[in-house]
Amino acid sequence: MTDSFVLVRWVFLGLRWLTENVTSGSIVLTIIIFTVAMRGITIFGDIKSRKSSLKMQEIQPDLQKLQKKYANNPQKLQQAQSKLMKERGVSMLGGCLPLLLTMPVFIFFFNAFRTWGYEHMVRLLVELAETGSSELFGEFRFLWVTNIWQPDNGMKPVVMAAESFLAIPNLKNLIYFQENPAAAEVFTRLGLFVEDVKNIPAASIVEYNRLVAPITQQYAGYSNGWFVLPVLSGVTMLFSSWLTQKNQPKADTGSPGAGTGKMMMWMMPIVSFMFCLTNNAAFAVYWTISNVVSTLTNLALNKKFKKDKEKEERMAPVS
């Protein structure tokens, strides 16, 4: 079991625990609490990154002198820049580190939310098979989104298609089945465990469609959303990234890390939009809230460091 899988598992279990023990089954409230808690943990890294960015701004004049001195010797320039940064305690990546970490964090939490969604869908199918009741499906609604475990997408149905659900790899390994052997027996009996996801048995598709028929009939002709969350996730990601990049020093093209932050600033909003357009709305809610909290954190830190700088300038001795 890889370290990344273990981390995804713990995040998923944390989300589940909050839902069952704190928020009384409210998926969105769980996401809000979880997001704020995660931002609270990472704020110390944000502060450290911002301090590194300020140090980078302070040494810009020295970096420019080195660029002029070694204009015809790129290798010597890089060595001199690295030495200067090390002496001044400045990271080469500096303030753009949060943007560089955005992608792995995005993928990491995406996998945790996807697992969370799979479990809810499994629980719904077991309930339909055992009691014929679709009461659990009512908990999946969020404002205009009928099923938060489907994308907020006007071209997607309210229930995952049989071919999509039955093609989920390693469904047997879901934690829910390990904790509930009876549920695993139900899935085995109904033929919902598919060994070869590239060749899904027709009988399994028929059985799945039979189980979800009460829901698909009730919402016949409905789509699952209006594309709102994918757009919000992309826009808030762009603003959050722009705000972070805006407060970084304007490095020349020859400086270490130059251009990396700018590339990430434009790439991540596009990735956010595409992922949230095609994957469950619960993750889109999380990512949008995370972007908003990140933006508010950046604004607060900007204000704090600006005041600190003004205070230092007032207290500095007059030469």
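The values are calculated or read from the model by the stated rules, or taken from the named source; none is laboratory data. Fair warning: this is a prediction, and the values are worked out from it, not measured in the lab. Glycine gets a Cβ as well: all are built from the backbone with ideal geometry, and neighbour counts include every protein chain shown.
Odds and ends about this structure:
- Among residues of region 140-158 that are touching a residue at least 60 places away in the same chain (Cβ under 8 Å) and farther than 13 Å from TYR219 by Cβ, those with a beta-carbon under 7 Å from a residue that is part of a loop (DSSP other than H, G, I, E, B) and among the aliphatic types (A, V, I, L, M) at least six positions away or on a different chain give the pairs PHE142/ILE148.
- Across region 237-245, not a single residue is classified as within 13 Å of ALA161 (Cβ to Cβ) and either part of a loop (DSSP other than H, G, I, E, B) or of a type in the set (Val, Ile, Thr) (or both).
- Among the residues making up region 151-165, those that are under 17 Å from PHE193 (Cα atoms) and touching a helix residue (DSSP H, G or I) at 6+ places or on another chain (Cβ under 8 Å) are MET160, ALA162, GLU163, PHE165.
- Flag if ARG16 is modelled with pLDDT of 85 or more, in a helix (DSSP H, G or I), surrounded by 17 or more Cβ atoms within 10 Å (Cβ to Cβ) and basic (Lys, Arg): yes
- Complete set of residues in region 180-192 that are at negative phi and either of a type in the set (A, V, I, L, M) or surrounded by 14 or more Cβ atoms within 10 Å (Cβ to Cβ) (or both): ASN180, ALA182, ALA183, ALA184, VAL186, PHE187, LEU190, LEU192
- Scanning region 117-134 for residues that are touching a residue at least 40 places away in the same chain (Cβ under 8 Å) and of a type in the set (Asp, Glu), we see that the one that is nearest to PRO214 (Cα to Cα) is GLU130.
- Applying the criterion of being in a helix (DSSP H, G or I), in contact with a Leu (Cβ under 8 Å, 6 or more places away or on another chain) and surrounded by fewer than 18 Cβ atoms within 10 Å (Cβ to Cβ) to the residues of region 70-111, the residue that is modelled with the lowest pLDDT is LEU100.
- For region 57-69, the set of residues classified as assigned to a helix (DSSP H, G or I), at pLDDT 70 or above and either in contact with an Asp or Glu (Cβ under 7 Å, 6 or more places away or on another chain) or of a type outside the set (D, E, K, R) (or both) consists of GLN60, PRO61, LEU63, GLN64, LEU66, GLN67, listed by residue number.
- Considering residues of region 210-238 that are loosely packed, with under 14 Cβ neighbours inside 10 Å and of a type in the set (A, V, I, L, M) only, the residue farthest from GLY154 (Cα to Cα): ALA213
- Residue match in region 163-172 (condition: aliphatic (A, V, I, L, M) and farther than 24 Å from VAL8 by Cβ): no
For every residue, the table says whether it meets (1) out of contact with any helix residue (DSSP H, G or I) (no Cβ under 6 Å at 6 or more places or on another chain); (2) of a type in the set (Val, Ile, Thr); (3) part of a helix (DSSP H, G or I).
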position	(1), (2), (3)
TRP116	no, no, yes
GLU119	no, no, yes
GLY138	yes, no, yes
TRP149	no, no, no
PRO169	yes, no, no
ALA183	no, no, yes
THR188	yes, yes, yes
